[in-house]
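One structure is given here, and the rest of the page talks about it.
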Amino acid sequence: MHYINKEFHRQHKILCTEPLRGSHTGRNIAQAFHGILDGYGISNNSVHIVLRDAGSSMIKSLEELELTSFDCMCHKIQLVCVNIFNKISIDFLGHKRRMRTQAQIYSRNKK
């Protein structure tokens, strides 16, 4: 969580890192998120925005809690980069596989 303290200095804290039990549905995430906020005495009125991934269960959970939220652009960029690198790796591995096959054919022809 990011906030500005009484002296107007930017602050950040990690409130909770515990596993979510059960299915990762919007309702279960909403209940867990509400429990964390409630445990710290943070009301929904004090939450101005939640930065989240674009998963439908995350969107639904925050809609259920009536909290304003937005997709994290850094997360979207990371997903694009991973997708690109996976495509490059597949092409590269496919190329290596073709080279190995050609080498095996060449060695058989030499015998």
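The values are calculated or read from the model by the stated rules, or taken from the named source; none is laboratory data. What you are looking at is a predicted structure, and each value in this text was computed from that prediction instead of being measured. Methodologically, a virtual Cβ is constructed for each residue, glycine included, from the backbone with ideal geometry; neighbour enumeration extends over all protein chains shown.
Given the conditions (1) within 15 Å of the chain's Cα centre (by Cα); (2) not in a loop (DSSP other than H, G, I, E, B), and given that Ala54 satisfies all but one, which numbered condition is not satisfied?
(2)
Is it true that Lys6 is out of contact with any Leu (no Cβ under 6 Å at 6 or more places or on another chain) and part of a helix (DSSP H, G or I)?
Criteria not met by Lys6.
Among all residue pairs at least 6 apart or on different chains, which show Cβ distances below 7 Å where the first residue, located in the stretch 63-74, is in the same structural domain as Leu51 (by TED's automatic domain parsing) and of a type in the set (Asp, Glu) and the second is modelled with pLDDT of 90 or more and in a helix (DSSP H, G or I)?
Qualifying pairs under 7 Å: Glu64/Gly26; Glu64/Arg27; Glu64/Ala30; Glu66/Asn44.
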